[in-house]
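The values are calculated or read from the model by the stated rules, or taken from the named source; none is laboratory data. Given the structure is predicted, the values throughout are model-derived calculations rather than measurements. All Cβ positions, even for glycine, are placed from backbone atoms using ideal geometry, and neighbour counts span all protein chains on display. Surface areas here come from the heavy atoms of the whole protein model, side chains and all, with no ligands, DNA or RNA. Shrake-Rupley method; radii C 1.70, N 1.55, O 1.52, S 1.80 Å.
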Amino acid sequence: MIKPALLLPPVISPDFRYPQALSDYCETADEHDLHPWYVMTDPEEASDWLEIVREQYPNRNLIPFARNEDTGDDIACFDGADTTGEPKIHFVHTFSDPDWSDFGYVLNIPEFLADVRDHNAKHLRDLAEDAEAAKAEGAPPIEHSPYGWQNVLLIGRPKESDKDLPPTAFAGHRRRWD
């Protein structure tokens with residue numbers, strides 16, 4: 001079970017409603033289910049990210065709720081202007097030019113979970129391939145962790161087959177760009 005850090009009025013609009021699907025997911029989730037993504041559980045972290053997105057993108061009404069632990073600055077945010085209880089979820093690359101910050105969006109929590117699980121599966125495949133490559137080159141074995149593979153000892157070069165892909169190529173067909 002995960003207890004998400006939900007931001008509340010007056011910090012966000014009193015008309016904003018979190019989707020029920022987020023609560024439903026969190027009731028049965030394990031904190032490592034979506035690695036390298038995670039739902040923020042620390043209220044201070046969620047508040048800090050809200051402050052960052054408001055400062056960096058003052059024309060967007062974004063409510064952060066999840067973060068990619070590997071990149072550190074990729075976050076998932078609800079569309080804070082939506083009052084339906086089913087807000088879009090925007091993938092945002094923070095600390096970048098606003099023209100490069102938009103990594104697409106999904107329509108709801110089920111699409112978010114599917115997208116992030118696809119990312120998780122690709123992440124684990126890539127780490128396993130890197131572990132095999134490191135082993136073949138005589139590097140020490142990569143240790144297991146609750147998150148899958150630890151990426152401390154990974155070989156940091158991109159795969160030849162991925163060199164021309166955009167950073168979001170792993171995301172599959174769920175993300176949308178307007």
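Scanning the stretch 77-93 for residues that are among the aliphatic types (A, V, I, L, M) and assigned to a strand (DSSP E or B), we see that the one that is surrounded by the most Cβ atoms within 10 Å (Cβ to Cβ) is ILE89.
Pairs meeting the criteria (first residue in the stretch 63-80 and under 20 Å from TYR25 (Cα atoms), second residue modelled with pLDDT under 90, beta carbons under 6 Å, at least 6 apart or on different chains) are ASN68/PRO36; GLU69/PRO36. Picking from residues in the stretch 47-76 that are open to solvent by 20 Å² or more (accessible area, probe 1.4 Å) and among the β-branched types (Val, Ile, Thr), the one that is modelled with the highest pLDDT is ILE52. Total residues in the stretch 94-106 satisfying the condition of being touching a residue at least 60 places away in the same chain (Cβ under 8 Å) and open to solvent by 30 Å² or more (accessible area, probe 1.4 Å): the figure is 2. For the stretch 12-39, the set of residues classified as under 20 Å from GLY80 (Cβ atoms) and open to solvent by 70 Å² or more (accessible area, probe 1.4 Å) consists of PRO14, ASP15, ARG17, GLN20, listed by residue number. Would you be able to say whether some residue in the stretch 100-110 is in a loop (DSSP other than H, G, I, E, B), touching a helix residue (DSSP H, G or I) at 6+ places or on another chain (Cβ under 7 Å) and over 24 Å from LEU127 (Cβ atoms)? Looking through the stretch 100-110, at least one residue is in a loop (DSSP other than H, G, I, E, B), touching a helix residue (DSSP H, G or I) at 6+ places or on another chain (Cβ under 7 Å) and over 24 Å from LEU127 (Cβ atoms). Here is a check on your reading of the model: is ASP42 charged (D, E, K, R), open to solvent by 20 Å² or more (accessible area, probe 1.4 Å) and either more than 18 Å from MET1 (Cβ to Cβ) or at pLDDT below 90 (or both)? No, not satisfied. Among the residues of the stretch 123-154, the one identified as surrounded by 13 or more Cβ atoms within 10 Å (Cβ to Cβ), at pLDDT below 80 and more than 19 Å from GLU69 (Cβ to Cβ) is ALA139.
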